[in-house]
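So the structure is just underneath, and the comments pick up after that.
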Amino acid sequence: MARHGDPDAVEWVESGGGPLVAVPETVLPFWTGADSEELDTDYDRACEIDGRVGLLPVGDSAALVLGDEPAATAYLPDLGTFVRRSAAGPERELAARVPAVLDAAVWGDELRWNVPGPVVLFDSARPGAAARAERHLRVPLRPGSYLVRAACLRPDPETWVGLVRLSRPAP
């Protein structure tokens with residue numbers, strides 16, 4: 001996994017127009033995306049998330065939906081933060097600027113996300129079983145509980161960036 005100190009190596013994931021979703025690896029086969037006989041597909045449920053983040057049940061776990069808009073997204077493990085490029089210069093420059101803007105963020109409401117281990121970030125329209133065949137990002141989370149908060153920043157007139165921060169709750 002790339003580190004924020006090496007912006008050339010940061011991997012970015014995009015969707016075809018809908019939200020991105022981070023699904024625990026253990027329940028990837030249960031995420032059907034838009035390929036379902038059901039009237040309300042997993043993709044439909046992801047699109048119904050109101051706001052920047054939300055949780056959806058998947059198997060015996062939950063997926064984290066990165067809503068609001070289909071922005072190119074990277075994960076910076078040193079910061080425990082998903083970076084969402086809404087409008088900005090080159091991706092590598094944006095990743096390098098994130099540490100400086102984190103303190104200026106006004107974080108939204110907090111969610112608690114319990115994960116059994118690593119998650120895979122991908123286009124929510126894709127079925128989980130095929131997620132690794134498409135553009136995806138594996139995020140090596142440790143099992144346990146995470147606090148999830150989102151923010152949108154505009155550090156200058158031409159840059160809009162979304163942040164989704166994962167942190168461990170205090171014991």
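Looking at the range 131-141, is at least one residue under 13 Å from the mean Cα position of the chain (by Cα) and among the charged types (D, E, K, R)?
Checking the range 131-141: at least one residue is under 13 Å from the mean Cα position of the chain (by Cα) and among the charged types (D, E, K, R).
Could you tell me whether Gly108 is part of a loop (DSSP other than H, G, I, E, B), modelled with pLDDT of 95 or more and not hydrophobic (A, V, I, L, M, F, W, C)?
On the way: part of a loop (DSSP other than H, G, I, E, B): yes; modelled with pLDDT of 95 or more: no; not hydrophobic (A, V, I, L, M, F, W, C): yes.
No.
Here is a yes/no grid of residues against (1) among the hydrophobic types (A, V, I, L, M, F, W, C); (2) outside any strand (DSSP E or B); (3) modelled with pLDDT of 80 or more:
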| position | (1), (2), (3) |
| --- | --- |
| Arg45 | no, yes, yes |
| Ile49 | yes, yes, yes |
| Leu56 | yes, no, yes |
| Asp68 | no, yes, no |
| Gly89 | no, yes, no |
| Pro99 | no, yes, no |
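Confirm whether Pro118 is crowded, with 17+ Cβ neighbours inside 10 Å, modelled with pLDDT of 80 or more and in contact with a helix residue (DSSP H, G or I) (Cβ under 9 Å, 6 or more places away or on another chain).
On the way: crowded, with 17+ Cβ neighbours inside 10 Å: no; modelled with pLDDT of 80 or more: yes; in contact with a helix residue (DSSP H, G or I) (Cβ under 9 Å, 6 or more places away or on another chain): yes.
Judged against the criteria, Pro118 is not a match.
Of everything in the range 6-36 that's modelled with pLDDT under 90 and not in a loop (DSSP other than H, G, I, E, B), which residue is farthest from the chain's Cα centre (by Cα)? Even if it seems obvious, please write down each step before you answer.
Narrowing the range 6-36 to residues modelled with pLDDT under 90: 6-12, 14-18, 35-36.
So of that shortlist, the ones also not in a loop (DSSP other than H, G, I, E, B) come out as 7-9.
Values: Pro7: 18, Asp8: 20, Ala9: 18 Å.
Ranking the qualifying residues of the range 6-36, first place goes to Asp8.
How many of the residues in the range 109-150 are in contact with a Ser or Thr (Cβ under 6 Å, 6 or more places away or on another chain) and not charged (D, E, K, R)?
Here the count works out to 4.
Just name the residue that is modelled with the highest pLDDT out of those in the range 131-169 that are touching a Phe, Trp or Tyr at 6+ places or on another chain (Cβ under 9 Å) and more than 20 Å from Leu79 (Cβ to Cβ).
So the residue we want is His136.
Does Phe82 satisfy the criteria of being in a strand (DSSP E or B), touching a residue at least 40 places away in the same chain (Cβ under 8 Å) and either of a type in the set (S, T, N, Q) or in contact with a Phe, Trp or Tyr (Cβ under 8 Å, 6 or more places away or on another chain) (or both)?
Numbers: in a strand (DSSP E or B): yes; touching a residue at least 40 places away in the same chain (Cβ under 8 Å): yes; either of a type in the set (S, T, N, Q) or in contact with a Phe, Trp or Tyr (Cβ under 8 Å, 6 or more places away or on another chain) (or both): yes.
Considered against the rule, which asks whether it is in a strand (DSSP E or B), touching a residue at least 40 places away in the same chain (Cβ under 8 Å) and either of a type in the set (S, T, N, Q) or in contact with a Phe, Trp or Tyr (Cβ under 8 Å, 6 or more places away or on another chain) (or both), Phe82 comes out as yes.
The values are calculated or read from the model by the stated rules, or taken from the named source; none is laboratory data. Keep in mind that what you see is a predicted model, and the values were worked out from it rather than measured. FYI the Cβ positions are ideal-geometry reconstructions off the backbone, even for glycines, and counts take in every protein chain you see.
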